[in-house]
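S.K.: The structure's right below; bear with me while I get my questions together.
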Amino acid sequence: MKRILVLLGAMLVLPVANAQTLRIGLAEDPDILDPTMARTFVGRIVFAGLCDKLFDLDEKLNIVPQLATSYKWSADNKSLELKLRDGVTFHDGEKMDAAAVKYNLERHRNMSGSNRRGELAVVSSVEAVDGSTVRINLTAPFAPLLTVLTDRAGMMVSPKAAEATGDKFGARPVCSGPFKFVERIAQDRIVLERYPGYWNKGQIHFERIVYQPIPDATVRLANLRSGQLDFIERLAPSDVPQLRNDNRFRIAKIVELGYQGITINIGKSDMAQKNPLGKDARVREALELSIDREALVRVAMEGEAQPGNQWVAPSNRYYAKSVPVPKRNVERAKQLLKEAGVTNPSFTLMTPTASDAQRMAQVIQAMAKDAGFDVKIQSTEFATALKLSDQGQYEAFLLAWSGRADPDGNLHIFLACKGPLNNAGWCKPEPDAAIEKARVTLDPAQRAKLYETVAQNVAKDRPIIYLFHRNWLWAHNAKLTGLRTVPDGMVRVQGLKMN
């Protein structure tokens, strides 16, 4: 049957779901569906149904088995041995064994353009000890490794399919998760169907999942309320009160692991020297002091966020208390601009098209104006914005990072000198050394001291102005049960059912 979409005012009317299909509304369209290459948050939500990982996280961020059933560190913490689950197959019927794990980890490390390379840089070699045992050898102890394997670096794809399709693998991915790939229509839908050979099939209660990117939060909610969707991620904070009083639906929320911040081009490209923010740290400080985080959260997020000024929230054990959240100070901001010899500085803030990002940008624009800034908002489709950021073709970028359970995952790739996503172009020896040392330090207290050094340097230079940590807000049909609220924001399909 041909699929028909009808646009009525602000409502996108989608085909009515049936009891065997779970329809999930996404805030963006994911990028490539290849865990080695991918980098979007919504892509990780799709991967949760498509690609199992070596380990997973529970609601308290404990590491729990998935494809690997157990692990053991060597005495010097430079080798990790994994025992794999028996009887697991990929969607093409190939075995998910030690050889497959070795292939995948080496693919993550060596494939051209891999976004996992930095996460696994400390891995020196991978051994398939026997059919169900893998040994990962490291150049040094690496504190975040197990956490890294709970995300895309721990996702396993079929070696046979990956070899056959090469860099086109993401167009038809083959993994070992509960659902297998059927089709993708860009900006419209991603369709998965139940894999009958899944090792944990007793926890799967739908025949199909359809992920539908709908950037407009109002339209996402309209489709949920009309029954065209069963679940939506990133419910708009302004819609929480009205939906809370509707017994047809349920709301779930939890504070995210990541952050919302403004990444500033201070050295990524020659555009850094063409705008006042990139040229002078005093201008960046003035911008931060023009922003009232409490008011930003209240106005743009309806209070559904925790103000912050670091890559982890103030409630996190690794938050540097010696670098507290600065209060708004417009007069000091004006004085800094005067000291920098800048009058009415103008810059462009690249902003994703999602409605919450647009609201935030508008509030920041108005606040910064009080200090003398002229902020131009450049609304950009998310995948395009990421590409421009990678290329250094931006001045400032309002970016939401979904976060990782280990703080290194929020920090290293963005602020280490050789971080693969260091799109600010910031590099200083002292914080870089601290970032690297924290990766090989297993003692939490020592790691906290190292992160404090980084926080002090970041607060001085402001390559990223961290703003707050959102509540993940989900809304779903009240008949849908089994949802697990894990701070990483993933929608785990195991256990979900429609009653």
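The values are calculated or read from the model by the stated rules, or taken from the named source; none is laboratory data. Computed from a prediction, not measured in an experiment: that's the story for all the values here. Cβ sites come from the backbone with ideal geometry, for glycine too, and all protein chains shown count toward neighbours. Heads up: the accessible areas ignore ligands, DNA and RNA and are worked out on the full protein's heavy atoms, side chains in. Shrake-Rupley method; radii C 1.70, N 1.55, O 1.52, S 1.80 Å.
S.K.: Evaluate the following for A424: is it aliphatic (A, V, I, L, M), closer than 27 Å to G43 by Cα and buried (at least 17 other Cβ atoms within 10 Å of the Cβ)?
M.R.: When the stated conditions are applied, A424 passes them.
S.K.: Which of the following residues is within 29 Å of D390 (Cα to Cα), in contact with a Ser or Thr (Cβ under 9 Å, 6 or more places away or on another chain) and basic (K, R): K268, K274?
M.R.: Of K268, K274, the one residue that is within 29 Å of D390 (Cα to Cα), in contact with a Ser or Thr (Cβ under 9 Å, 6 or more places away or on another chain) and basic (K, R) is K268.
S.K.: Quick one: F397 ticks every box in (1) open to solvent by 10 Å² or more (accessible area, probe 1.4 Å); (2) touching a helix residue (DSSP H, G or I) at 6+ places or on another chain (Cβ under 7 Å); (3) not in a loop (DSSP other than H, G, I, E, B) bar one, so which box is it?
M.R.: Here F397 clears every test but (1).
Listed here are the residues, each with its yes/no results for (1) closer than 17 Å to W401 by Cα; (2) out of contact with any strand residue (DSSP E or B) (no Cβ under 7 Å at 6 or more places or on another chain); (3) open to solvent by less than 20 Å² (accessible area, probe 1.4 Å); (4) touching a residue at least 60 places away in the same chain (Cβ under 8 Å).
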position: G303; (1), (2), (3), (4): no, yes, no, yes
position: P307; (1), (2), (3), (4): yes, no, no, yes
position: E331; (1), (2), (3), (4): no, yes, no, no
position: A340; (1), (2), (3), (4): no, yes, no, yes
position: S346; (1), (2), (3), (4): no, no, no, yes
position: T351; (1), (2), (3), (4): yes, no, yes, no
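S.K.: Going through region 133-167 one residue at a time, which ones are in contact with a helix residue (DSSP H, G or I) (Cβ under 8 Å, 6 or more places away or on another chain), part of a helix (DSSP H, G or I) and buried (at least 19 other Cβ atoms within 10 Å of the Cβ)?
M.R.: T147, V148, R152, A153, G154, P159, A162
S.K.: Tell me, please, whether a residue that is touching a strand residue (DSSP E or B) at 6+ places or on another chain (Cβ under 8 Å), modelled with pLDDT of 90 or more and not in a loop (DSSP other than H, G, I, E, B) can be found in region 6-21.
M.R.: yes
S.K.: Right, here's the next one. Of the residues S269, S355, S238, which is surrounded by 15 or more Cβ atoms within 10 Å (Cβ to Cβ), touching a Pro at 6+ places or on another chain (Cβ under 8 Å), touching a residue at least 60 places away in the same chain (Cβ under 8 Å) and under 30 Å from P30 (Cβ atoms)?
M.R.: None of the other options fit; the residue is S355.
S.K.: Out of the residues in region 208-235 that are more than 22 Å from Q66 (Cβ to Cβ) and among the acidic types (D, E), which is most open to solvent (accessible area, probe 1.4 Å)?
M.R.: Residue satisfying both the conditions and the ranking: D216.
S.K.: Answer with yes or no whether A68 is among the hydrophobic types (A, V, I, L, M, F, W, C), out of contact with any helix residue (DSSP H, G or I) (no Cβ under 7 Å at 6 or more places or on another chain) and farther than 30 Å from G495 by Cβ.
M.R.: no
S.K.: Does D390 qualify as being of a type in the set (D, E), in contact with a Pro (Cβ under 6 Å, 6 or more places away or on another chain) and open to solvent by 10 Å² or more (accessible area, probe 1.4 Å)?
M.R.: In short, no.
S.K.: Only one of E193, E106, E127, E183 is part of a helix (DSSP H, G or I), open to solvent by 10 Å² or more (accessible area, probe 1.4 Å) and without any contact (Cβ under 8 Å) to a residue 40 or more places away in the chain. Can you tell me which?
M.R.: E106
S.K.: Output the number of residues of region 219-259 satisfying the condition of being of a type outside the set (V, I, T), in contact with a helix residue (DSSP H, G or I) (Cβ under 8 Å, 6 or more places away or on another chain) and within 16 Å of S355 (Cα to Cα).
M.R.: Count: 7.
S.K.: Taking L61 as meeting all but one of (1) under 17 Å from G409 (Cβ atoms); (2) open to solvent by 40 Å² or more (accessible area, probe 1.4 Å); (3) part of a strand (DSSP E or B), write down the number of the exception.
M.R.: (3)
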